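The values are calculated or read from the model by the stated rules, or taken from the named source; none is laboratory data. The shown structure was predicted, so the numbers you read here are calculated from the model rather than taken from an experiment. For neighbour counting, all protein chains shown are included, and Cβ atoms are generated from backbone atoms with ideal geometry for every residue, glycine included. Quick note on the areas: whole protein, heavy atoms, side chains included, nothing else; ligands and nucleic acids left out. Shrake-Rupley method; radii C 1.70, N 1.55, O 1.52, S 1.80 Å.
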Amino acid sequence: MDAYRSPLLATPGAVAATEPDEGVAGHYGDPFREQRRLAAGEGTVDLSHRAVMRVGGPDRLTWLHQLLTQHLERLAPRQATSALVLDANGRVEHALYGVDDGESFWFHTEPASAEPLREYLEKMKFWSQVEIADVTDEYAVVWEPVATAADSHLSRVTERGRDVFVPRAELAAYAAGTELAGVWAYEALRIEAHEPRAGLDTDDRTIPHEVGWIGTAVHLDKGCYRGQETVARVHTLGRPPRRLVLLHLDGSVDTLPEHGAPVELDGRTVGTVGSAARHHELGPVALAVVKRSTPVDAELLAGGVAAAQEVVVDPEVGLHVRTQLR
């Protein structure tokens with residue numbers, strides 16, 4: 001199968017992004033200017049490489065409610081949501097970002113998640129009246145930093161902006177006349193907002209508590225789903241073994257630490273680097289997952305680059321029930 005290439009890569013000045021964002025523009029010639037525009041509430045980001053899926057049928061919300069970490073059975077039309085698929089041990093397998101249009105639940109996810117996620121959902125249909133479709137060939141996602149739905153396109157509106165589901169045949173026309181910004185700018189603002197990305201800021205051991213997904217992608221007051229026992233146990237009785245941090249990197253170094261690079265304290269590896277970017281105000285920054293026991297004020301090395309921590313996940317998260325000695 002041919003590698004995906006967005007039509008917006010034909011825009012003058014467009015420079016293609018690299019893994020895991022192949023197929024769209026990393027930037028259009030001036031990453032910091034693009035970033036400042038997005039921060040000011042202007043611009044459009046091409047995320048058309050992401051997978052788009054649709055679940056229809058009268059049982060879709062109650063069925064998804066039983067499978068995912070989010071409370072969905074009474075989800076109102078046009079209300080944005082996010083959810084996870086966990087394994088039996090409560091570890092994150094997939095993250096999805098969705099909205100219901102009153103007839104179908106639409107969501108986007110990482111490109112590599114599309115097929116295994118579709119297969120899992122198909123396997124779990126049983127007698128439920130649902131129809132699952134991968135519609136990536138028909139629909140694309142763009143992101144805009146405006147928290148309103150200004151046109152007829154289905155949008156997932158959040159505090160930070162909106163994901164717009166655009167018919168793929170209309171992508172070039174939709175973007176025409178807008179100020180385009182690349183995924184470099186989008187990622188820098190995502191990192192600033194402490195938003196983890198599945199596959200970059202997570203690994204095969206990640207549980208939701210470690211990266212701050214409790215309360216945003218995980219609802220703590222709903223029925224049973226796969227992995228719920230771990231979620232409930234860690235929330236009430238124990239602290240997760242790792243925690244997400246924002247790293248402020250030494251700006252005098254001209255390279256960013258690579259994904260997966262070790263985070264070290266006094267010569268010992270205490271974590272790994274996830275996403276890294278150059279922010280127009282903060283300078284070089286990264287998200288990393290470190291051991292919970294790492295002192296919050298410790299100076300670290302991230303891929304050999306000096307880094308100061310900003311706490312994202314409290315080391316004491318969890319432990320909501322304490323044993324009372326008699």
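Observations on the structure shown:
- D (Stokes-Einstein, µm²/s), Kirkwood Cα radius, the chain, 1.002 mPa s at 20 °C: 103 µm²/s
- Over the chain, accessible surface divided per residue gives 47 Å², non-protein components excluded, 1.4 Å probe.
- Between E103 and D87, residue separation times 0.36 nm minus the direct Cα-Cα distance comes to 2.9 nm.
- Accessible surface of segment 92-244 [probe 1.4 Å, protein heavy atoms]: carbon and sulfur percent: 52 percent
- Between amide H atoms placed 1.01 Å from N, distances below 5 Å from Y139 occur with R168, all of them 5 or more places distant or on a separate chain.
- Segment 52-151: chymotrypsin sites (Phe, Trp or Tyr not before Pro) in DSSP coil with no more than 12 other Cβ atoms inside 10 Å: F126, W127
- Here the 3J(HN,Hα) profile of segment 127-137, calculated from phi with Karplus coefficients 6.51, -1.76 and 1.60 at θ = phi - 60°, is 9, 5, 8, 9, 10, 10, 9, 8, 10, 4, 5 Hz, Gly and Pro shown as x.
- Rg over Rh, two decimals, segment 240-325 (C-alpha only, Kirkwood Rh): 1.05
- With N counted as the residues of segment 197-270, its alpha-carbon radius of gyration over 2.2 N^0.38 Å works out to 1.39.
- Within-10-Å neighbourhood charge of W63 [Cβ basis; K, R +1; D, E -1]: 0
- With a simple spin-label model that places each label point 7 Å from the Cα along the Cα-to-Cβ direction, the separation between E310 and C224 comes to 4.2 nm.
- Note on I214: accessible area approximately 50 square angstrom, rounded to 10, probe 1.4 Å, nucleic acids and ligands left out.
- Scattering from segment 51-134 was approximated by placing one identical point on each alpha carbon and applying the Debye formula without solvent; log10 I(q)/I(0) at 0.15, 0.22 1/Å stands at -0.47, -1.09.
- Here D314 sits with roughly 80 square angstrom of accessible surface, probe radius 1.4 Å.
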